Structure formats: C-alpha cells, structure tokens
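None of the figures in this text is laboratory data; all of them are computed from the coordinates on show. Everything quoted here is computed from the prediction, not taken from an experiment. Because the Cβ atoms are built from the backbone with ideal geometry, glycine has one as well, and the counts that use them run over all protein chains shown.
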Amino acid sequence: MIKGYINKKKITVWMVISFLCITIFCIIFGNFIFKQTEKIFYEKAAQIIAFGVKADPNIEQVLISSLKTNNIAEINKGKKILEQYGYSEGFLYSSYKSKNFNIVTVGILFLVTLLLFCFGGFLVGLNHIKRKRINNLAEYLYAINEGNYRINPHKKEDEFSILEDELYKTVVLLRENREKERKEKEKLTNYLADISHQMKTPLTSMSLMIELLEGSPINGDDALYIERISAQIYRLNHLVTSLLTLSKLDAGTLKLEYKSINIYELVCTSVEPLILMIEKKGQQLFIQENSDVVFMGDFYWNNEAILNIVKNCVEHTPRGGKISIVYEQNPICTQIIIEDNGEGFKKKDIPHLFTRFYKGENSAKDSVGIGLALAQSIVKKQNGEIRAENKKTGGASFTIKFYSN
C-alpha cells in the first residue's frame with residue numbers, strides 16, 4: 001500500500017511539472033504567433049495604402065477611414081474583387097507560413113526536446129535514487145551476513161519501505177535467536193564442564209588404582225581384565241575431553257592462539273603418539289619434508305585435528321599398508337593431504353563421516369565416532385575445511401584446507 005501511494009505521488013508530481021512546462025511554453029509560443037500575425041497584417045495594410053496613395057493621392061483619407069470602420073457590404077465587395085484575381089482567405093497565411101516556417105518548426109522541436117529532457121531527467125533521478133537504496137540495503141544485508149545485527153537508523157518512506165521493514169523484523173528475530181542460542185550453548189558448555197569435572201575425579205582414582213594393580217605380580221585372567229579396564233578408562237577419559245572440546249567450539253568459548261606454524265613440524269608432532277601403533281602394524285609412514293611451508297593457525301588444536309585423522313587412517317589400513325602426508329601452498333590456501341591404501345569408505349558413509357557419533361560400516365568396535373567430527377570443528381574454526389573421498393587407486397584421502405583470508 002505504501003509502495004502504491006509513493007508511486008502515485010511521484011506520477012502526480014511528474015504530471016503537474018510536465019503540464020506547467022507545456023502550458024508556459026504554449027503561452028510563450030502562442031504570444032509569439034499572435035505578434036507575428038499582427039505584424040504581417042499591419043505590413044499588408046501599409047503596403048495597400050501606399051500603393052493606393054501612389055496611384056491617386058486624393059484617396060488617402062478614404063483608405064485610412066476604411067481601416068477604422070467595419071462595413072460588411074464593402075468587405076464582401078472587396079472579397080469578390082480578390083477572388084477575381086485568384087486570392088482566397090488563406091493567401092496571407094501562405095505568405096506568413098513561407099516566412100516563419102523555420103521559426104515554428106524550431107519551436108515545436110524545442111517543446112519536444114524540453115519534454116524529453118524533463119522525462120529523461122526524471123527517470124535518471126529516479127533510477128539513481130533506487131540504485132542508492134538498493135546499495136544501502138545490500139550493504140545492510142552484507143553486514144548481517146558478517147554477524148553485525150545492527151538496526152538501520154536511516155529508514156526512509158519509499159517503494160523499498162516494505163522490504164526494509166521485513167529486513168528489520170528478520171534482523172531483530174535473528175538477533176534474538178542468536179542471543180538465545182549463545183546462552184543455550186554457554187549453558188551446555190557449563191553443564192558439560194561440570195559433568196567432565198565430576199567424571200574426571202573418579203576416573204583419575206580408577207587410573208591410579210589400575211596403575212597400582214599393574215605394578216603388582218598378577219597373572220592369568222586377572223592381568224587381562226586389568227588391561228581391558230585400563231583401556232576402557234583411557235577411552236572414557238578421551239571421550240570426556242573430546243565432548244568438552246566440542247561443546248566449547250560450538251559455544252565459541254574455545255580461544256585459539258594464532259601463530260605462524262611450520263607444517264612439517266606440525267605433522268611430525270601430530271603423528272608422534274601414533275608411531276608405536278604404526279610400527280606394531282608394520283605400516284609405512286611417508287611425510288613430505290619441506291620446512292618452508294608455513295601458515296597462521298593454532299598449533300595445539302591443529303595438532304589434535306591431524307592426530308585424529310591420521311589415527312583414523314592407521315586404524316583402517318591393513319598390516320604392511322602405507323600412509324602418506326603431503327602438503328602444498330598457493331595464494332588461496334594451504335592444504336594438507338593425508339592418504340592411505342586401506343579399504344577406503346563405503347559410498348553410503350561418505351556424507352556422514354564428520355557427523356558426531358556416526359559409526360560407519362568399517363568402524364572399529366570400540367570407536368566412539370567423535371574424532372573426525374572434532375577435527376572438522378577445529379579446522380572450520382580457523383576458516384578451513386576438510387574433505388574426505390576415496391582414491392581412484394583404492395584407499396582413503398583426507399584434504400585439509402586452511403584459507404588465506
């Protein structure tokens with residue numbers, strides 16, 4: 001409704017301005033034609049009197065008197081005399097037309113040009129205003145996409161008002177939902193932190209008791225049970241720590257420390273805890289040596305992400321298999337490619353590999369399904385991404401990208 005009102009108002013203003021321009025021009029042009037007509041009649045009358053006086057000086061007064069009177073009978077006689085010589089009522093107009101045709105043409109062209117100029121100026125001005133409003137709304141949306149949920153203080157009443165009002169409502173709703181979500185995530189983080197703290201105490205006690213038992217001379221089934229309990233305690237500790245880290249990442253409370261990272265040093269540090277597992281399975285680990293490649297990121301958490309991905313490769317690569325880690329850098333991003341020659345992924349599992357607690361068909365029995373999800377969250381937090389796919393030659397391939405901007 002506002003849009004229709006604004007459009008009608010603009011059209012009315014344009015029509016009034018156009019009407020005034022045409023009226024003013026018509027008055028000026030009509031007055032010009034009237035003056036020219038007076039002039040031509042005056043000149044013709046003067047010419048007739050001059051010829052008559054020249055032929056007979058005694059009729060001068062008679063001719064002058066005829067200009068002051070309006071005798072119908074004499075007018076009709078004069079018309080008949082003119083018709084005898086082939087002159088009609090339009091002969092004066094023909095002489096006027098031949099003399100002033102260019103002036104009339106110029107006047108008409110001027111009128112058309114003036115109207116086109118006014119209309120063109122109106123369209124250009126209207127287009128400029130619309131473009132400016134569109135640019136302002138685009139900047140407003142861009143700011144919202146960047147997380148700046150500000151209210152637009154420069155509100156105007158025009159055809160974009162309805163759109164602007166809807167944007168305003170959406171911004172308010174998004175801001176309220178964002179604040180509500182932030183508070184909920186903070187609550188969840190605090191709950192998980194409390195649960196983690198409460199679980200850490202008994203887990204630590206259990207770990208100490210297992211260590212004491214392992215140091216005792218126990219053999220047979222009891223020693224096997226102790227070993228299994230120790231593995232489960234380690235698994236619980238890892239699960240609690242991972243869940244706490246994920247909750248902090250979700251809530252945005254995990255602070256990353258950005259520093260210049262040497263990729264070769266990062267990769268070597270990441271795989272160090274897995275060396276014994278790799279040697280035990282007789283696998284080969286190839287790491288590209290190039291100490292010049294660096295990027296900005298958090299060393300500790302990137303170490304955690306790469307550790308989880310390499311561990312996944314080790315677990316799904318058979319004995320005697322091969323795992324390779326290469327990397328490269330270009331103006332857009334720094335990428336790390338981790339590959340193995342294992343069995344690869346099932347096609348149905350690929351879309352869900354980074355879903356929390358998802359266990360694929362080839363997952364280990366004691367797998368929790370949180371390692372890859374944690375790795376992805378850490379990388380995304382640093383403006384990066386992870387892609388997983390099967391190699392054409394067989395095996396799995398993980399590509400980690402850290403974008404420059």
Exercise for the section: Round to the nearest 0.05 the FRET efficiency obtained for CYS21 and LYS130 when R0 = 25 Å and r is the Cβ-Cβ distance. Expected result: 0.55
Exercise for the section: Would you mind estimating how fast segment 187-251 diffuses translationally, via Stokes-Einstein at 10 °C and 1.306 mPa s with the Kirkwood radius over Cα pairs, in µm²/s? Expected result: 122
Problem - Packing-based order for 324-330, 33-39, using average beta carbon neighbours within 10 Å, highest first - result: 324-330, 33-39
Handout entry: Convex hull volume per residue in cubic angstrom - Cα atoms of segment 259-403
Key = 108
Problem - Euclidean distance between Cα centres, segment 195-235 to segment 33-67, Å - result: 136
Exercise for the section: Sticking to Cα atoms, compute the Rg of segment 226-281 to one decimal and its Dmax as the biggest Cα-Cα distance, whole number, in Å. Expected result: 15.7, 44
Fill in the blank from the handout: So for R0 = 60 Å, FRET eff. of LEU213-VAL172 from the Cβ-Cβ r, to 0.05, ends up at 0.50
Problem - In Hz, Karplus ³J(HN,Hα) per residue of segment 259-275 (6.51, -1.76, 1.60; θ = phi - 60°; x = Gly, Pro) - result: 9, 6, 10, 7, 4, 4, 5, 4, 5, 4, 5, 5, 8, 4, x, 9, 4
Exercise for the section: Tell me the label-point distance for the pair GLU257, LYS187, using the 7 Å Cα-to-Cβ offset, in nm and rounded to one decimal. Expected result: 3.3
Exercise for the section: Work out, step by step, the length gained on full extension between PHE357 and LYS80: first 0.36 nm times the residue separation, then minus their alpha carbon distance; give nm to one decimal. Expected result: 88.1 nm
